[in-house]
Structures are given as structure tokens and as C-alpha cells.
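Asks: Got a structure for you, written out below as C-alpha cells; questions coming shortly.
A short reminder: the numbers here are calculations on the coordinates, not readings from a lab. Treat the numbers as computed from the prediction; the structure is a model and nothing was measured. When we count neighbours, we look across all protein chains shown, and the Cβ atoms used for this are built from the backbone with ideal geometry, even at glycine.
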Amino acid sequence: MKVGEACGVFGVYAPGQNAAQLCYFGLFALQHRGQESAGIATSDGQTLTVYKDLGLVAQVFSDASLHALEGHVGIGHTRYSTTGSNRWENSQPANRQVGQISIALGHNGNLTNTAGLSQRYPVESAHGTSDSAVMLAAIAEGVDEHRSDDRGLEIALASTLPSFEGAFSLVVMDQGRLFGVRDPHGFRPLCLGRLPETVSGKSGWVLASETAALDIIEASFVREVSPGEMVIIDATGLRSRFPFPLTDPKLCVFEFVYFARPDSILNGRNVHGARTEMGRTLAREHPVEADVVVPVPESGIPAAQGFASVSAIPYADGLVKNRYIGRTFIEPNQLLRDRGVKLKLNPIAATLAGKRVVLIDDSIVRGSTTRQLVALVREAGAREVHLRISSPPYRWPCYYGMDTSDRSTLIAARLDIDEVCRHVGADSLGYLSLEGLLAATGSDPRSFCHACLSAEYPTDVEGAQGKFWLEEPIIQPLSRQPD
């Protein structure tokens, strides 16, 4: 079972161009980051319009809805829920009206101090039951305090952002400005791109969770938004502020393992190349005698290629993916996840029958998907199934934007490696070491968050809450009646 990662964000400031169309294409490139809902907000400088709904990007938008989204400034969002259920009110961009100022926000990540913030900035359920709704309520209060200032939203962000704890990469807009924000640890990625000049000589700027979203609209990569940076884009150009105290960067290492597209670049490193190197290291750490190396598509493919190159065991496709079925991790409950495995993958018996198979996957989280995958390969006639995982055991909850806040659901937290192997039905099981994983990224190993693998949390998570706690009814204690 894979982990779920919270959302893709996209923003454009494109004078003379159709922001909605650019956002639409950008969201297609970020669909893998969230498939529960999608939305776009745009402004023509006067009116801010939002359109969002549950479903995939292609399901949510039509020619008519895109045509109604006018303007040159826009933000977009694809959602996977980590706080708040999959309901329309929690779809994004979230938006608020403060006097004459309209605000829209898209959020990738998860706050760890939502409980305290929600006491100070209460949110009605009509505005959503997520940490993003609480963030927007806090920002809106700041805007209200500075509504007479043309830079009201910028001032509100600069003063409010330091009160947010946890992971947040944000795109925020009002009627005429676009903002990009990355939390001081940079848990979630956010990059900056430049649009090509139009025939009239105008250019523009792009913000996106991944560089692959720049490619689809032919924007050039400029740089990553730095941890702790707030980028402001308006008619005067682009500038930056740093409203947070300086701290150590801690990009989520699972961006390299699974979340990011293989054609994206993180920390200057091609993701596909990093995953291939993970497979090479995995082969050196956990060699095995076998006949064929088979990936679990699609995120297991680069690691399987790397494993095959070092082990000299032939690589072959042994599982066919139904490309019209979403990733299993994005299904928001276990029943849908379990049913989704057989809908998603089908074995190629000609590749597997009678073979000693090395099955390569990127992670085991809850274990149910892996167990079904091993069973599928055996049912196709495999003589042996040796499972190799291109990341370490996932033993600890994540509070920074993955739907794994309940440790009791994590199989490696309950069972040791031999027990996990027996549970999933494999003949052997080997995980990539943490040292091998970090080395494969090509970055400073100190620059990553790997709390889910090591329990080394970069921030205080004592006050972090469960996924649905904002939706739980407040139960008043019954008063004791006299005897």
C-alpha cells in the first residue's frame, strides 16, 4: 500500500493570456498528486472567480466552465485529503471575500498546530473542515485589519504565516496579485517558472508543485522557491520576502521515492535518475538469485531498471497497469483501496510462469496492496516471489502532508521484517537502507525529512490531530441529576 500525498498547486501571472487555460494544463501535469477534487480561481484584475468540484481535472472542467474563468491571474489545485473528508466544501482553491478584497488559496501540506489555530480562527463547516480553511480564516482576518492598504494581502500573509506550523506550500491570490509561499523547512516542493513571451512581447510567471507542470505549458524553469520564502508577483514584477526565522531545509524524502513525477527535477536532481540509483543500491544491499526483475508500475519501474542493471538479472514487464484507474493510494478508504488493486493491475503469465521473480516496489505502508500483488504474481505461475522495496520500512506517522497519521495502520510498526515478509506472502523481503536512499537523491542527507522512516521529526508534532477531528461533533457532558 502506498502513502497518500496532499495535493498539487499551480499558479500563473500571465498578462494578456488566458490564466484558466494555463492552470487547466498545469493541473493535468499535477493530477498524480491528488485525485479527489480539482479547482481553478482566476481574476481579470477586478473580479475573482472560482470553479471547483469533486473528481479528476478532466471530469471537473468543461469548455463552458473554463470560458467563465476570465483573467490573467490564476491558481489551481488538485486535492488528496489529509485533513478533512472528501467533500465539496474541502475542495480548493478555498476562497473568502473580505470587504472589496477577494482571496483564494491552494495548499499542499498539512499543519501540525491546527487545533490551536482553530480556537483563534474558528471556521464554519460551510467554509470547509480542513487545515487549509483555518489558514484562510487567519489570513482573511489579517486582510480585514489592513483592508485600507493596497498591500493588505501581502501584509496579512507576512504577519500571519509565522503562526502556521508544519508543512505548507501555498499559492494565494487576490484580484491582481499572485503569491507563492513555502514553509521554513520546505517540506513540500514549489518551483518558479517563466512563461515565453507572447507576440505582443509580454511574458509571465508560473508557480507549480513540480517542474513537469512547467513543461506542459512551455514555461522555463527559473528556480525552486526557497524554504521560508514568499514570492510576490504583480504588475511591477517579481520580488521576495522571508517572513520566517531561518531554519534547516527538510524536503520530504518521499517526493523522490514516490510522489513526484519521474520527469520532474527536485533539488537539481532528475527524479527518474534518483529512483534508478535507488534500485542499483537496493541490488547491492539485497542480492538474490532469480530469473526476472519485474516492477510494480509505474513508480517501481526506474528502481527495477536499476536493480536489473546491477544484478544482471533480466528486466521484464510482468504487470500491466490499467491507465484509466487512479493510483491506489489516492482512494480515501480501505475498501476502495483493496478493490482498486485488481482493477489497476493484471499479471502477464508468459513473463511470470515458472520464474523466480524479483518484484520491485517503492514502499510498503499498510501492507494490503503488497499482499494482493504477491498473490497476483503467484497466481500467474511464479515459482518464487522475492520482494525488494526501494525505501526503508515505513514505521512512523507523518504529520506533514501524508495520510498516515495513525501508526496502528502501518504494518512495519507492528511487525518486524520477517513477519512482514510472511504476512505479504513473499519468499524474501529486502528494504533499501535509509543511507542508501538519501545517497541516491544526490543531495545533502541532512536536508530531508524522513520522520516516517526514522522518527526524527523536524518540528514539534505533539499537538497534531487526526484527519477528521475538525468534523467531529462537540459532545457536551450531561449534567448530573440529583438523586
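Asks: If Lys and Arg each add +1 and Asp and Glu each add -1, what is the summed charge of the other residues whose beta carbon sits under 11 Å from the beta carbon of A137? Walk me through the intermediate numbers first.
Replies: On the way: positive: R96, R120; negative: E124, D131, E141, D144.
Summing Lys/Arg as +1 and Asp/Glu as -1 gives -2.
Asks: Let me ask something additional. Just check the stretch 219-262 against the gyration tensor rule for me: Cα atoms, a ≥ b ≥ c as the square roots of the eigenvalues, rounded for a/c under 1.5, and otherwise prolate or oblate depending on whether a/b exceeds b/c. Display every interim value, and only then the final one.
Replies: Numbers: a/c = 3.79, a/b = 1.39, b/c = 2.73.
Oblate is the answer for the stretch 219-262, as a/c is 1.5 or above yet b/c matches or exceeds a/b.
Asks: Moving on. Antiparallel as a % of all DSSP beta bridges within the chain, to the nearest 5? Numbers along the way, then the final one.
Replies: On the way: 66 of 83 bridges.
Percent antiparallel among DSSP bridges in the chain is about 80.
Asks: If you add up the charges near S62, with Lys and Arg at +1 and Asp and Glu at -1, over every other residue whose beta carbon is less than 14 angstrom from its beta carbon, what do you get?
Replies: -1
Asks: If I fit a long axis through the Cα atoms of helix 131-145 and take the longest principal axis of the Cα atoms of the chain, what angle between them do I get, 0 to 90°, rounded to 10?
Replies: So the helix axis and the longest Cα principal axis differ by about 20 degrees.
Asks: Report, in deg cm²/dmol and to the nearest 500, the calculated mean residue ellipticity at 222 nm for the chain, where each DSSP H run with n ≥ 4 adds -39500 (n - 2.57) and the sum is divided by the residue count. Working shown, then result.
Replies: Details: 16 runs with 133 residues, N = 483.
Roughly -7500 deg cm²/dmol at 222 nm, from the helical runs in the chain.
Asks: Using only Cα atoms, tell me the angle between helix 301-311 and the longest principal axis of the chain; keep it within 0 to 90° and round to the nearest 10.
Replies: Once rounded, one gets 40 degrees.
Asks: Follow-up. Would you mind ranking F25, F242, F256 by Cβ crowding within 10 Å, fewest neighbours first? If you can, show how the numbers build up before the last one.
Replies: Numbers: F25 16, F242 13, F256 28.
So the residues, fewest neighbours to most, are F242, F25, F256.
Asks: Once Lys and Arg get +1 and Asp and Glu get -1 on their Cβ, which of S130, V199, G180 lies farthest toward the positive end of the dipole of the stretch 8-247?
Replies: After comparing all options, I get G180.
Asks: With 10 angstrom as the radius, rank V134, V181, V420 by how many other C-beta atoms surround their C-beta, starting from the fewest.
Replies: Numbers: V134 29, V181 26, V420 22.
Neighbour counts put them in this order, fewest first: V420, V181, V134.
Asks: Can you give me the Cα centroid spacing of the stretch 149-183 and the stretch 375-434 in angstrom?
Replies: The two parts, judged by their Cα centres, are 39 Å apart.
Asks: Hey, could you grab the Kirkwood Rh for the stretch 3-139? Inverse mean 1/r over distinct alpha carbon pairs, Å, one decimal.
Replies: On the way: mean 1/r = 0.0672 Å⁻¹.
Value: 14.9 Å, from the Cα pair sum.
Asks: Using Cβ contacts closer than 10 Å as the measure, can you line up D63, D215 from fewest to most?
Replies: Values: D63 7, D215 18.
In increasing order of surrounding Cβ atoms, one gets D63, D215.
Asks: Restricting to the stretch 273-442, compute how many DSSP beta bridges are antiparallel as a %, nearest 5. Present the calculation step by step, with values, prior to reporting the outcome.
Replies: On the way: 3 of 18 bridges.
About 15 percent, rounded to the nearest 5.
Asks: Follow-up question, since we're still on this one. Of the listed values (1) -0.27, -0.60, -1.01, -1.31; (2) -0.31, -0.69, -1.20, -1.59; (3) -0.24, -0.55, -1.01, -1.39, identify the label whose number matches log10 I(q)/I(0) by the Debye sum over Cα atoms at q = 0.06, 0.09, 0.12, 0.14 Å⁻¹ calculated from this model.
Replies: Entry (1).
Asks: Please give me the summed charge of the neighbours of V377: other residues whose Cβ is under 15 Å from its Cβ, Lys and Arg +1, Asp and Glu -1. Don't jump to the answer; show the numbers that get you there.
Replies: Working: positive: K321, K342, K344, K355, R356, R371, R378, R383, R388; negative: D291, D317, D361, E379, E384, D427.
Value of the local net charge: +3.
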